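Taking it in order: structure first as structure tokens, then the write-up.
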Amino acid sequence: MRVMGRNDAILMMGLTVALFVIFSGPVATLLDYVREIEATRGLHLLPALVILATIFSFHQLRKRQEINAESLSVARAAQEATERAAEMSRLVAFGHALARTMDSESTDSIRGVLHAHLPLLAPGRGVWVMTRTRSGHWESQATVGESMPADRERAARRALGEADPVVGPSPTEICFPMIIGGVPEGVLGVAPEPALTDHQRSVLSAAAALLAVSLKNSELFREVRENSVRDALTGCFNRSHALEVLDAELRRARRSRLPLSLVMFDLDNFKGINDRHGHLCGDAVLAAVGATMKAELRGSDLKCRYGGDEFMVLLPDTPLIGAKQVSENLRRAIAEHPVTWNDGQVMVTASFGITSINQGENDPLGAIARADTALYRAKQRGRNGIELEEQPAALAS
């Protein structure tokens, strides 16, 4: 805040002139007295006083400039401290947001956090995140601003020290590798303009480390979840997870009124295979059946190892006649592909029971029981066959 305004300065000038006029007589007498002393004593007082007054004025001017410079420096330091505190606050918020995604097996929640927080961590510049899959492919997780996909991948590969086979100008993005346990997970990249400060680089480096941990955690959580619901031998879902999915599909079918079919099948004389060839051969047969199911069925079909050598297949949006055709294709594929074991081949066949889900049905165990009953009839009629659920005569006609 200014101590004196413009009008105050004019007033002070007027006061100074008035004082000079008032004291002009004594000042003149003083000057005459100084000249008298100089003449009698041989001294030069007046020039000395002028020199001292000049030096004092310059000293005061320099002191004032130093004070102003120090004030500006303190102001800049305070502003930088405020900006750093704000950057750290945004980094902490980013870490908290990522922490809330720790129990998620999907990267969609992490992508949401990236799109919300990356513009705050690097305001006014393009930011992107790319991760590398186990197969070596690069996937874009988030992009804020404009950047060509090829440029991002080239910059990411160079940041990780990989060869760049693409001929052309070098990418200009600034990259922060995301590394966990010495293994690179991906790259956080930002545009070089405006120039990054050292503190901004530190913040973005910390953000890349936090993001790497979250992405790795999501991958591990997904693997644990996948292992917990899948049968390791066949690759099919286990019984408990299949019942959860079946219950959800029953609710969906009630809402959509779309057809839903259920297939139960087991392997014929599987105990005999174990008795003749051993349980390792039985495991090989089960694994081969799981592979055949994966090859023959749709990705949306639920494939479950229900127990032992019994399997369950849930066919969404599939009527009974369609389920019969699917089962026939699967039965034929199992029978036509014997399992190689100890320089020989083990023939495998399966028996199938099929039921359709009734409109409004909400009991998954009831549907399983009907399909299981049809499967038992297929066993009684010679195995390696297909039986549909028994329907009332009115419906059958």
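The values are calculated or read from the model by the stated rules, or taken from the named source; none is laboratory data. What you see is a predicted model; the values in this text were computed from it and never measured. Glycine gets a Cβ as well: all are built from the backbone with ideal geometry, and neighbour counts include every protein chain shown.
Among the candidates A369, A378, A350, single out the residue that is farther than 26 Å from V285 by Cβ, of a type in the set (G, A, S) and assigned by TED's automatic domain parsing to the domain that holds R257.
Going through A369, A378, A350 in turn, the sole match is A369.
Of the residues that sit in region 339-360 and are in contact (Cβ under 8 Å) with a residue 24 or more places away in the chain and out of contact with any strand residue (DSSP E or B) (no Cβ under 9 Å at 6 or more places or on another chain), which one is surrounded by the most Cβ atoms within 10 Å (Cβ to Cβ)?
W341
Are there any pairs, at least 6 apart or on different chains, whose C-beta atoms fall under 6 Å, with the first in region 274-293 and at positive phi and surrounded by 13 or more Cβ atoms within 10 Å (Cβ to Cβ) and the second outside any helix (DSSP H, G or I) and of a type in the set (K, R), and if so, which?
none
Considering only residues that are part of a loop (DSSP other than H, G, I, E, B) and under 35 Å from the mean Cα position of the chain (by Cα), look in region 277-308 and name the one that is farthest from V346 (Cα to Cα).
S300
Residues are listed down the side, and each one gets a yes or a no for (1) among the small types (G, A, S); (2) at negative phi; (3) modelled with pLDDT under 90:
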site: S205; (1), (2), (3): yes, yes, yes
site: A212; (1), (2), (3): yes, yes, yes
site: V224; (1), (2), (3): no, yes, yes
site: R230; (1), (2), (3): no, yes, yes
site: F237; (1), (2), (3): no, yes, no
site: R257; (1), (2), (3): no, no, yes
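Given the conditions (1) assigned to a loop (DSSP other than H, G, I, E, B); (2) surrounded by 19 or more Cβ atoms within 10 Å (Cβ to Cβ), which single one is not true for L258?
Tallying (1) assigned to a loop (DSSP other than H, G, I, E, B); (2) surrounded by 19 or more Cβ atoms within 10 Å (Cβ to Cβ), L258 fails exactly one: (2).
Exactly one of these conditions fails for L211: (1) part of a helix (DSSP H, G or I); (2) without any contact (Cβ under 8 Å) to a residue 24 or more places away in the chain; (3) of a type in the set (A, V, I, L, M). Give me its number.
(2)
Return the only residue of E87, E83 being modelled with pLDDT of 75 or more, within 30 Å of H199 (Cα to Cα) and not assigned by TED's automatic domain parsing to the domain that holds R201.
Step by step, each of E87, E83 is checked, and only E87 is modelled with pLDDT of 75 or more, within 30 Å of H199 (Cα to Cα) and not assigned by TED's automatic domain parsing to the domain that holds R201.
Here are some conditions: (1) on the phi > 0 side of the Ramachandran plot; (2) at pLDDT below 90; (3) surrounded by 14 or more Cβ atoms within 10 Å (Cβ to Cβ). E219 meets all but one. Which one does it not meet?
Failed condition: (1).
Can you pull out the residues in region 333-366 that are within 23 Å of H277 (Cβ to Cβ) and either outside any strand (DSSP E or B) or of a type in the set (D, E, K, R) (or both)?
Selection gives A333, I334, A335, E336, H337, P338, N342, D343, M347, V348, T349.
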